[in-house]
Structure formats: C-alpha cells, structure tokens
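Note sheet for the following structure.
The values are calculated or read from the model by the stated rules, or taken from the named source; none is laboratory data. Remember, predicted model here, so these are calculated numbers, not experimental data. Positions of Cβ are generated from backbone atoms using ideal geometry, with glycine treated the same way; all protein chains shown enter the neighbour counts.
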Amino acid sequence: MVGSLCPGNQGRYNTNDIQLLLDAGADVNATDDDGETALIAAARGGHTEAAQILLDAGADVNATDIQEQTALITAAQWGHTETVQALLVAGAEVEKEPGEYSLSALMTAAFEGHIEVEPLCANVGETPA
C-alpha cells in the first residue's frame, strides 16, 4: 500500500491518485519493510500537498520508521521548510526524544545546515509579537 501512495518512476506524487487510493480504503498509516509511511516518504521529497492530503486523511504525524525518524525529522533533514510548517501545524512533536539511530528535528536541521528550518522547530509554541 505504501508503494501505491509513493511516487512512481518519475519521482512525482500524483495527488489525484493518492486521493483515489484513500477514497478506495487504502490504509493511510501502512508501512513498507523499513517502517516508512507514505507521509514520511512525502516529507522526504518535500511534497507538501501530498503530505497535507495524507494528514487530512488521518496519517499519524508522529509515526516513526525503523530508524526512529518521523516525517518532521525527515523534512527537516532535507530542508523542506513548507513541509516542516505543514507538519508542525498538524501537531508534529518537535521535542520528540531522538532514538538510538536518529536526532531530533531541530538537531537534524542544524546538522544538515538547514538554517531556514531551525527557527521553525525552535520557535514552536511561541506566540508571535
């Protein structure tokens, strides 16, 4: 099922196909052999529109793969600021304890040099002035 919701050979997400699969009863939280959900795959590619469709369908925003990475950590790792913002709005846990094989979203963004992502993760919960 995850393969069905993940991009085809062209590496693109067809949001219409994703919606059709979800409407047909596809499990939005299904995982592949690596424990990756379609949401984590969408976050890795910075496919914010696809991620939003999955979130709207009830995808677990804090699900982890076998390396204990969430969609937020993955989006932060690749510097996808728009996707990071969508995941944060959906309730992604910024303070999620890093696992044995992963870093937090903030640490990952800093490690990868994505300074544009760091403030998004660091300022969650603050009220704008």
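Summary of computed values
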read-out: Failed item, numbered, when Ala50 is tested on (1) over 27 Å from Asp23 (Cα atoms); (2) over 9 Å from the mean Cα position of the chain (by Cα); (3) not aromatic (Phe, Trp, Tyr); value: (1)
read-out: Search result, residues across segment 38-54 that are more than 19 Å from Cys121 (Cα to Cα) and buried (at least 18 other Cβ atoms within 10 Å of the Cβ); value: Ala38, Ala41, Ala50, Ile53, Leu54
read-out: Check on Gly25, modelled with pLDDT of 95 or more, surrounded by fewer than 18 Cβ atoms within 10 Å (Cβ to Cβ) and more than 14 Å from the chain's Cα centre (by Cα); value: yes
read-out: Sole exception among (1) at pLDDT below 95; (2) closer than 27 Å to Cys121 by Cα for Asn9, by number; value: (2)
read-out: Qualifying positions in segment 37-68 - at pLDDT 95 or above and of a type in the set (Asp, Glu); value: Glu49, Asp56, Asp60
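Table: residues versus (1) closer than 24 Å to Asp32 by Cβ; (2) surrounded by fewer than 14 Cβ atoms within 10 Å (Cβ to Cβ); (3) at pLDDT 80 or above.
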site: Thr70; (1), (2), (3): yes, no, yes
site: Thr74; (1), (2), (3): yes, no, yes
site: Gly79; (1), (2), (3): yes, no, yes
site: Ala92; (1), (2), (3): yes, no, yes
site: Pro98; (1), (2), (3): yes, no, no
site: Tyr101; (1), (2), (3): yes, yes, no
site: Met107; (1), (2), (3): no, no, yes
site: Glu118; (1), (2), (3): no, no, no
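So that you can scan it fast, the table gives a plain yes or no per residue for (1) part of a loop (DSSP other than H, G, I, E, B); (2) out of contact with any strand residue (DSSP E or B) (no Cβ under 6 Å at 6 or more places or on another chain); (3) farther than 26 Å from Ala110 by Cα:
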| site | (1), (2), (3) |
| --- | --- |
| Leu20 | no, yes, yes |
| Ala26 | yes, yes, yes |
| Leu39 | no, yes, no |
| Ala51 | no, yes, no |
| Ala59 | yes, yes, yes |
| Ile66 | yes, yes, no |
| Ala75 | no, yes, no |
| Leu88 | no, yes, no |
| Val94 | yes, yes, no |
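Each row is one residue, and each column tells you yes or no for (1) loosely packed, with under 12 Cβ neighbours inside 10 Å; (2) modelled with pLDDT of 70 or more; (3) among the charged types (D, E, K, R); (4) farther than 17 Å from Leu39 by Cβ.
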site: Val84; (1), (2), (3), (4): no, yes, no, no
site: Leu87; (1), (2), (3), (4): no, yes, no, no
site: Ser104; (1), (2), (3), (4): no, yes, no, yes
site: His114; (1), (2), (3), (4): no, yes, no, yes
site: Cys121; (1), (2), (3), (4): no, yes, no, yes
site: Val124; (1), (2), (3), (4): no, no, no, yes
